[in-house]
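The values are calculated or read from the model by the stated rules, or taken from the named source; none is laboratory data. None of these values were measured; they are calculated from a predicted model. We place every Cβ from the backbone using ideal geometry, glycine too, and count neighbours over all the protein chains shown. Only protein heavy atoms, including side chains, enter the accessible area calculation; ligands, DNA and RNA are left aside. Shrake-Rupley method; radii C 1.70, N 1.55, O 1.52, S 1.80 Å.
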Amino acid sequence: MATILLAGGAGYIGSHTAVELLDSGYDVIIADNFANSSPEAVRRIEKITGKNVKLYELDIKDADKLAEVFAENKIDAVIHFAGLKAVGESVEKPVMYYRNNIDTTLSLLENMSRFGVKNIIFSSSATVYGEENKVPYTEEMKRGVCTNPYGWTKVMMEQIFEDAAKADKELSVVLLRYFNPIGAHESGMIGEDPQGIPNNLMPYVSQVAVGRRECLTIFGNDYPTHDGTCTRDYIHVVDLAKGHVKAIDYILSHNGVEIFNLGTGTPYSVTEIVDTFEKVNGIKVNHVYGARRAGDLAECYANADKALKVLGWKTEKTLEDMCRDSWNWQKNNPNGYNK
Ligand code: NAD
Ligand code: WQD
């Protein structure tokens, strides 16, 4: 069976993808500097699957150190999750974001070229559709104008991959544009563990529910949506992880660049998320309505037809599953991986 290198594989999406790949019979190597994750996540991946994961603690930007991973293993494909992802922080520290996100990409591509590895899947984002495109987003739409440096790193990296594949006809690239991943593995052993105050909605909701934060502020209730709060395409992280397994199956037998949206195609509002979380878990989430957050779009959701048609992938989990599993992870691990 093929061996897959997960760059940034100890993180939220990488850890869930590792479990699905191992369960599908792939061998997994993780390289991570734990900038936003914990080695405990890797131990738990092994516990869930009963399989071993080869772990390298290193900064992917360091191309020479990374070369050791390629030299010591026969790698069939790479999945590149290694990036900084906090939108607000990227506005404060743009140079750090450009340096980390772009250098990790270049370092991976250089080593792949040096060691003859031809397959890479990249964690892109719905953010590349920018402000101009109309929902639902389809893959052939032009990349848009982003509102923050994080988004621009994704736009730039998609361009880098397209140029690299143009120059090397044997290179196979899959750009996966994730929508809003939430939820956790049903075991409650791995999940999203943001450091500091969460930027994203679901970790904030769960931390209020568990008593770590006082109150959720819902950013704006005067948007042109059915209840005035923003709508998003929330996707269960296990469905998302399974999309990576399908993309690996695909990439091993195709060349060139393909882009896939990974979303459900169904938007839900912030209020619907809070209400569903409260209902399925039987717990109150204190919340107030506040001002809009700068840079937020009223709506964002996918047309996910291409992933179904080409990869045979579609989501299976419901919003109730997402809310139940997020809470199961949070209540079993109130302080994340740092017990
Ligand atoms: P995460 O922060 O949990 O995982 C990223 C991992 O990369 C972490 O383990 C971190 O330690 C590691 N990392 C970062 N820089 C590194 C470096 N220089 N060297 C080695 N390791 C490094 O984030 P996630 O939610 O799992 O996201 C994974 C990828 O998906 C990211 O590229 C992110 O931008 C992208 N993405 C995430 C979302 C989302 O909402 N979670 C949406 C769209 C795209
Ligand atoms: C969701 C909704 C907020 C927090 C971001 C990135 C995007 C992608 C996914 C990586 C919005 C509202 C949130 C809170 C709230 N990441 N909200 N109170 O902004 O859709 O997408 O993560 O690529 O690029 O921009 O996700 O979870 O931050 O917000 O009311 O305390 O929840 O306004 O409507 P977003 P989010």
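List the residue pairs whose Cβ atoms are under 6 Å apart, where the first residue sits in region 59-70 and is without any contact (Cβ under 8 Å) to a residue 60 or more places away in the chain, the second is within 16 Å of ligand 2 (Cβ to nearest atom) and part of a helix (DSSP H, G or I), and the two are 6 or more positions apart or on different chains.
Note: pairs meeting the criteria are Ile60/Thr104; Lys61/Thr104.
Being over 17 Å from Ile259 (Cα atoms) and either touching a residue at least 60 places away in the same chain (Cβ under 8 Å) or basic (Lys, Arg) (or both) is the filter here; which residues of region 150-168 pass it?
Tyr150 - this is the single residue of region 150-168 that is over 17 Å from Ile259 (Cα atoms) and either touching a residue at least 60 places away in the same chain (Cβ under 8 Å) or basic (Lys, Arg) (or both).
Are any residues in region 96-113 away from ligand 2 (no atom under 16 Å from the Cβ) and open to solvent by less than 10 Å² (accessible area, probe 1.4 Å), and if so, which ones?
Matches in region 96-113: Ser107, Leu108, Asn111, Met112.
What's the number of the only condition in (1) over 20 Å from the mean Cα position of the chain (by Cα); (2) at pLDDT 95 or above; (3) open to solvent by 70 Å² or more (accessible area, probe 1.4 Å) that Leu308 fails to meet?
(1)
Kindly check whether there is at least one residue in region 73-84 that is assigned to a loop (DSSP other than H, G, I, E, B) and without any contact (Cβ under 8 Å) to a residue 12 or more places away in the chain.
No: zero hits.
So in region 150-201, with the set limited to residues that are within 16 Å of ligand 2 (Cβ to nearest atom) and among the hydroxyl-bearing types (Ser, Thr, Tyr), which one is least open to solvent (accessible area, probe 1.4 Å)?
Thr153
Just the residues that are more than 16 Å from ligand 2 (Cβ to nearest atom), over 13 Å from Glu57 (Cα atoms) and of a type in the set (A, V, I, L, M), please, taken from region 6-30.
Ala18, Val19, Leu21, Leu22, Val28
What's the total number of residues in region 284-339 that are more than 26 Å from Thr147 (Cα to Cα), in contact (Cβ under 8 Å) with a residue 24 or more places away in the chain and in contact with a Lys or Arg (Cβ under 6 Å, 6 or more places away or on another chain)?
2
Determine which member of the set Lys306, Lys314 is in contact with a helix residue (DSSP H, G or I) (Cβ under 6 Å, 6 or more places away or on another chain), more than 30 Å from Arg212 (Cβ to Cβ) and of a type in the set (D, E, K, R).
Within the list Lys306, Lys314, the selection yields Lys314.
Within region 114-149, can you find the residues that are surrounded by fewer than 18 Cβ atoms within 10 Å (Cβ to Cβ) and in a helix (DSSP H, G or I)?
Hits for region 114-149 are Arg114, Phe115.
Pairs please, first residue from region 210-224 and basic (Lys, Arg), second anywhere and open to solvent by less than 40 Å² (accessible area, probe 1.4 Å), Cβ atoms under 6 Å, 6+ apart in sequence or on different chains.
If the second residue must be open to solvent by less than 40 Å² (accessible area, probe 1.4 Å), the pairs left are Arg213/Gln207.
Farther than 25 Å from Lys154 by Cα and open to solvent by less than 70 Å² (accessible area, probe 1.4 Å): which single residue out of Gly83, Gly25 fits that description?
Gly25
Taking the condition of being open to solvent by less than 10 Å² (accessible area, probe 1.4 Å), within 9 Å of ligand 2 (Cβ to nearest atom) and not β-branched (Val, Ile, Thr), how many residues in region 204-220 meet it?
2
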